[in-house]
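One structure below.
The values are calculated or read from the model by the stated rules, or taken from the named source; none is laboratory data. In this text the structure is predicted, and so the values were computed from the model without any measurement. No Cβ is skipped: glycine too gets one built from the backbone with ideal geometry, and neighbour counts run over all protein chains shown. These area figures cover heavy atoms from the full protein model, side chains too; ligands, DNA and RNA do not enter into them. Shrake-Rupley method; radii C 1.70, N 1.55, O 1.52, S 1.80 Å.
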Amino acid sequence: MDTIFLIGGSAGSLKVLLEVLPELSANLTFPIIIILHRKGYVDSQLVNLLNAKTSLNVIEPDDKEPLSPGNIYLAPPDYHLLLEQDKTISLDFSEKFNFSRPSIDITFSSAVKIFKENTFALILSGANADGVEGLKAVKANNGTTLAQNPITAEVNYMPLQAITQSKIDFVLNPSEIATFINKLNVS
């Protein structure tokens, strides 16, 4: 397992995920991590909703849980999700970053230290600039950066900031995201 696909989003991104998840290949050879800005309480219904939309296993991980190919990990509310060198998940309750916990920047920056050029990081709809610094870290390590086309975003601020403040490799419409992810499976 050398590849990881990261998805960060906030307001308006759930709609995109509900469009993308049903189209994902059932036999992905890498994990996907989703970091959504969520309320600070446990809401298991979101995991159930996402699981109902995909043949992949959606998990809200525990601390020290190992990554497995073909799983989708949803960052728990009110915790930063980091990755350790042994490819396990570390949950952290430190200060909010960019007004957010979980912070997209923190997850992206932590993942690229392990997966380097095999890191793919996508920013979806949202209302703040969380993710920009993480995308810069991914780019600095020769990873691949992506953003939702701001024209298609319910709240275009987050993908617009990603595009204007960092070097984005691909700007995708929601209908193109699953195809992009599925093609990584055969590379």
Extended-chain gain in nm, criterion 0.36 nm per residue less alpha-carbon gap, Lys113 and Asp78: 10.3 nm
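Given DSSP loops and a limit of at most 15 other Cβ atoms within 10 Å, what is the longest stretch of the chain that contains no such chymotrypsin sites (Phe, Trp or Tyr not before Pro)?
Between the exposed loop sites, the longest stretch runs 100-187.
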Ser90 long-range amide H proximity, modeled H, under 5 Å: Lys64, Leu82, Leu83, Glu84
Cα gyration tensor of region 3-75 - equivalent ellipsoid semi-axes, whole Å, descending: 18, 15, 11
Under the Karplus curve 6.51 cos²θ - 1.76 cosθ + 1.60, θ = phi - 60°, whole-Hz ³J(HN,Hα) for region 26-38, x wherever Gly or Pro sits: 6, 10, 4, 9, 8, x, 10, 10, 10, 10, 10, 6, 9
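When the helix-only estimate is applied to the chain (DSSP H runs of n ≥ 4, each -39,500 (n - 2.57), divided by the residue count), what is the mean residue ellipticity at 222 nm, nearest 500 deg cm²/dmol?
That comes out to -9000 deg cm²/dmol.
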Rg(Cα)/(2.2 N^0.38 Å) for the chain, N = residue count: 0.90
Dipole in debye (nearest 20) - region 72-187, about Cα centre, beta carbon charges: Lys, Arg +1; Asp, Glu -1: 280 debye
Directionally averaged shadow of region 127-187, computed from the convex hull of its alpha-carbon atoms, nm²: 4.2 nm²
Exposure rule at most 14 other beta-carbon atoms within 10 Å, DSSP loop GluC sites (Glu not before Pro): the chain longest free segment: 96-187
Area projected by the alpha carbon convex hull of region 90-161, averaged over all directions, nm²: 4.7 nm²
Length-normalised contact order for region 72-187 - Cα pairs under 8 Å, 6+ apart - percent: 20 percent
Protein accessible area in the chain, 1.4 Å probe - carbon and sulfur %: 50 percent
Fraction of antiparallel bridges per DSSP, the chain only, in percent to nearest 5: 20 percent
Sum of side-chain charges, Asn156 neighbourhood, beta-carbon under 15 Å (Lys, Arg +1; Asp, Glu -1): -1
Per residue accessible area in Å² of the chain, where ligands, DNA and RNA are left out and the probe is 1.4 Å: 44 Å²
